[in-house]
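J.: So that we are looking at the same thing, I have put the structure below in structure tokens.
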Amino acid sequence: MVEKEEAVISEEEAAQYDRQIRLWGLEAQKRLRGSRVLLVGMKGLGAEVAKNLILAGVKALTLLDHQQATTEDARSQFLIPTGSLGRNRAEASLERAQNLNPMVEVKVDTENIKDKPEEFFNQYDAVCLTCCPRDVMVRIDQFCRTHNIKFFAGDVFGYHGYMFADLGEHEFVEEKQKVVKVGPGEEDGPKAKKVKIDPNETTMVKKTVNFCHLKEALEVDWSSEKAKACLKRTPSDYFLLQVLLKFRTDKDRDPLPESYGDDSDLLLQLRNDVLDSLGVKSDLLTDEFISYCFSELAPVCAVVGGVLSQEIVKALSQRDPPHNNFFFFDGMKSNGIVDCIGPK
């Protein structure tokens, strides 16, 4: 993580972030105001994350994307103005993003994330990847873990979306209701049996949680007895993610509505191959999944982007328990679930 000075909140900033300071405290807001974040991929999900982080008040946000805006982006990317077809997505998003909060330094990088040297990531406190191939995510996560940089990844595929976090060994504080001591002479009486909690007083409790690498989370040995026991409660979206990441690796893109027929056939074949390689039955994903994983849907981007940016804010401010380590959202069921998937 980049070395940084203690952030000072000015009167103007205190007025701007008054509601947030009341919510999670001045110290948490100071840590947030001292943080630099890299956001990769400015499609619909990236726009939601960017908007939320800028409004929350990080110190600086870099929008990195080497792709040009397409007609597909118009369905969910609200930061790109009409008439920007063919422009770089990050550059097209800059003006509206910066206008959200002039106090945040918003920058643009139009290079391919694949071409960035490892030293590039040292300037950031958190890195969030969207629209990236699996091998790139794994490589960057390993570097971030080594250098104590908070790592996040997320994507939206049609009605389905996910986010992943690797915070390493993460320390945070949680607000708890204060337990009131039993008064003199009450230790053995009937009052001693009641829970002594004062709802009007709270205390801050320090806690630590450990995360696994993305590589470990994606390479679980499902043939082991312990993994088999967990299989029934593992969200099917975890296996859908594996299939879609394989599609992205093979085709260097996500499934497109204009090539629905060919892409559907490939997805069904990849479903069989990927699930077989993982040691699980292919019927974990029924054939109907191909109807619900094309394009980015704006409402799904809003939900997943809200959760993803919330987790980035929590990690940087070191306030409240983080999601460890996956969050999956199924738009067909309007259902989100947090699950810890890894070697243990």
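J.: Hey, can you tell me all the residues within the range 232-282 that are part of a helix (DSSP H, G or I), of a type in the set (Lys, Arg) and either farther than 23 Å from Val138 by Cα or free of Cβ contacts under 8 Å to residues at least 24 places away in the same chain (or both)?
T.: Lys251
J.: Among the numbered criteria (1) open to solvent by 70 Å² or more (accessible area, probe 1.4 Å); (2) touching an Asp or Glu at 6+ places or on another chain (Cβ under 6 Å), which one does Arg96 miss?
T.: All conditions are met except number (2).
J.: If Ala229 satisfies all but one of (1) surrounded by fewer than 13 Cβ atoms within 10 Å (Cβ to Cβ); (2) assigned to a loop (DSSP other than H, G, I, E, B), what's the number of the condition it fails?
T.: For Ala229, the failing item is (2).
J.: Now, a different point. Being without any contact (Cβ under 8 Å) to a residue 40 or more places away in the chain, assigned to a strand (DSSP E or B), small (Gly, Ala, Ser) and open to solvent by 20 Å² or more (accessible area, probe 1.4 Å), is that true of even one residue in the range 327-337?
T.: yes
J.: Report yes if some residue within the range 312-325 is assigned to a helix (DSSP H, G or I), in contact (Cβ under 8 Å) with a residue 24 or more places away in the chain, on the phi < 0 side of the Ramachandran plot and surrounded by fewer than 20 Cβ atoms within 10 Å (Cβ to Cβ); otherwise report no.
T.: Within the range 312-325, none of the residues are assigned to a helix (DSSP H, G or I), in contact (Cβ under 8 Å) with a residue 24 or more places away in the chain, on the phi < 0 side of the Ramachandran plot and surrounded by fewer than 20 Cβ atoms within 10 Å (Cβ to Cβ).
J.: Output the residues belonging to the range 122-144 that are more than 19 Å from Gln242 (Cβ to Cβ) and in contact with a strand residue (DSSP E or B) (Cβ under 6 Å, 6 or more places away or on another chain).
T.: Within the range 122-144, Tyr124, Asp125, Ala126, Val127, Cys128, Cys144 qualify.
J.: Of these, Leu266, Leu297, which one is crowded, with 19+ Cβ neighbours inside 10 Å and among the hydrophobic types (A, V, I, L, M, F, W, C)?
T.: Leu297
J.: Test Ser84 against the stated conditions and say whether it is among the polar types (S, T, N, Q) and either open to solvent by 40 Å² or more (accessible area, probe 1.4 Å) or more than 19 Å from Thr110 (Cβ to Cβ) (or both).
T.: no
J.: Now, a different point. With more than 25 Å from Arg31 (Cα to Cα), more than 21 Å from the chain's Cα centre (by Cα), crowded, with 16+ Cβ neighbours inside 10 Å and in contact (Cβ under 8 Å) with a residue 24 or more places away in the chain as the only criterion, which of Glu72, Glu111, Glu91 stands out?
T.: Only one candidate qualifies: Glu72.
J.: Moving on to the next point. Could you list, in sequence order, all residues of the range 114-136 that are of a type outside the set (Phe, Trp, Tyr) and either exposed (fewer than 15 other Cβ atoms within 10 Å of the Cβ) or farther than 18 Å from Ser309 by Cα (or both)?
T.: Lys114, Asp115, Lys116, Pro117, Glu118, Glu119, Asn122, Gln123, Pro133, Arg134, Asp135, Val136
J.: Can you find, within the range 190-226, the residue that is farthest from Lys176 (Cα to Cα) among those that are open to solvent by less than 40 Å² (accessible area, probe 1.4 Å) and modelled with pLDDT of 85 or more?
T.: Going through the qualifying residues, I end up with Trp222.
J.: How about the range 198-237: which of its residues are over 27 Å from Asp287 (Cα atoms) and touching a Gly at 6+ places or on another chain (Cβ under 9 Å)?
T.: Met204, Asn210, Phe211, Cys212, His213, Glu216
J.: Yes or no: the range 16-36 includes at least one residue that is in contact with a strand residue (DSSP E or B) (Cβ under 6 Å, 6 or more places away or on another chain) and on the phi > 0 side of the Ramachandran plot. It would help to see each step written out before you state the result.
T.: Residues of the range 16-36 in contact with a strand residue (DSSP E or B) (Cβ under 6 Å, 6 or more places away or on another chain): 24, 28, 36.
Okay, now just the ones that are also on the phi > 0 side of the Ramachandran plot, so none.
No: the range 16-36 contains no residue that is in contact with a strand residue (DSSP E or B) (Cβ under 6 Å, 6 or more places away or on another chain) and on the phi > 0 side of the Ramachandran plot.
J.: Would it be correct to say that Ile341 is surrounded by fewer than 18 Cβ atoms within 10 Å (Cβ to Cβ) and under 19 Å from Pro235 (Cβ atoms)?
T.: Criteria not met by Ile341.
The values are calculated or read from the model by the stated rules, or taken from the named source; none is laboratory data. Note that this is a predicted model, so its numbers are computed, not measured. Every residue, glycine as well, gets a Cβ built from its backbone with ideal geometry; the counts of neighbours run over all protein chains shown. Calculation scope for accessible area: heavy atoms of the full protein, side chains included, ligands and nucleic acids excluded. Shrake-Rupley method; radii C 1.70, N 1.55, O 1.52, S 1.80 Å.
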